[in-house]
Amino acid sequence: MHDDDAQHGPLAGFTVGVTAARRAEELGTLLTRRGAAVLHAPALRIVPLADDSELLDATKDLIDHAPDVVIATTAIGFRGWVEAADGWGIGDRLLELLRGIELLARGPKVKGAIRAAGLTEAWSPQSESMAEVLDRLLGEGVAGRRIALQLHGEPLPGFVESLRVAGAEVVGVPVYRWMPPEDIAPLDRMLDLTVARGLDALTFTSAPAAASYLNRAETRGMLPEVLSALSHDVVTACVGPVTALPLQARGIDTLQPERFRLGPLVQVLCAQLPARARALPVAGHQVEIRGHAVLVDGALRPVPPAGMALLHTLARRPGWVVSRADLLRALPGSGSDEHAVETAMARLRTALGVPRLIQTVVKRGYRLALDPSADTKYDTP
């Protein structure tokens, strides 16, 4: 971790996109506490099925034909199921059913929801892994057994198929449905920012959100540009391997924490984003160029977008002169007036607090005043 991280937070100067519908506030708080600027745009919404005949039919069928095993996969889903059954007047019958069969909980949060409903689980894995649940069931033998699985919109690759191949009857209990967000504008803004490289990282906490993000890009005819940005410039971080599947199917490499939790997801970004920033010795100062800010000798200097565009262009070939025409092309929506470069450059120098970091080379352009000893002069990223 860099020395400045204790003062500013390891994510200071970086912009991180959050696509989560559920727990977005929690993830956003974890990121902002570490210094990040957070952009939130839910890629979907989760609709409870309290008025949905599909869940009602599945619940009545289980009460009438008791399964051998019920698997609870998420705390919010399990609570939603019990609450919906209460609303239909069959809550007591559902709890009675769940008391009399083998109830498996995928991890401590689900276990908490089960206990809160006055029930006790037969078993719960340490790892919160559905693979561990599957191993246990297959180890017990499932031939001829009826297994009910509380679904939560997440794809469970191979899980249901493996049970069926081993001879089980698997019944899905669909508690929630994924829908597109009611207001699509924030998601469109996030897609535009992705393509414009206005984000340093993008986070996903569910596979449906990742799929929805990509589908919207495709609908708008910008999928190739979005995939290019995610492949080369915007770090894509997923809470776990299931969430990453829609992105991997498009050839996008993703960062994932070892433990599939929001905290470790943020820690991965805290390690990766500062490591990717350009750090250069310039005019006797240590300069680190981040997404929307610069660290000068460890002091955080916020820089306007136009200034960051100029700085990133100068830093591509540190020490070399970059013409006004090239810098003008780098400015967002700048038009054809080279005076715009001078205005943006003046603001950039003011923002950096050390004007001599950038030298004016008369009639030629500007250069980062790279220290002569630096061995990065001939680098091109």
If we ask which residues in the range 271-293 are basic (Lys, Arg) and assigned to a strand (DSSP E or B), their number turns out to be 1
Within the range 61-82, how many residues are farther than 11 Å from residue 173 by Cα and touching a Lys or Arg at 6+ places or on another chain (Cβ under 9 Å)?
9
Of the residues in the range 242-287, how many are under 22 Å from residue 28 (Cβ atoms) and of a type in the set (D, E, K, R)?
3
Just checking, how many residues over the range 330-349 are free of Cβ contacts under 8 Å to residues at least 12 places away in the same chain, exposed (fewer than 13 other Cβ atoms within 10 Å of the Cβ) and within 34 Å of the chain's Cα centre (by Cα)?
1
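Laboratory data are not the source of any read-out in this text; all were calculated from the coordinates shown. Since the structure is predicted, the reported quantities are computational estimates derived from the model, not experimental observations. Heads up, the Cβs are rebuilt from the backbone with ideal geometry, glycines too, and the neighbour counts pull from every protein chain shown.
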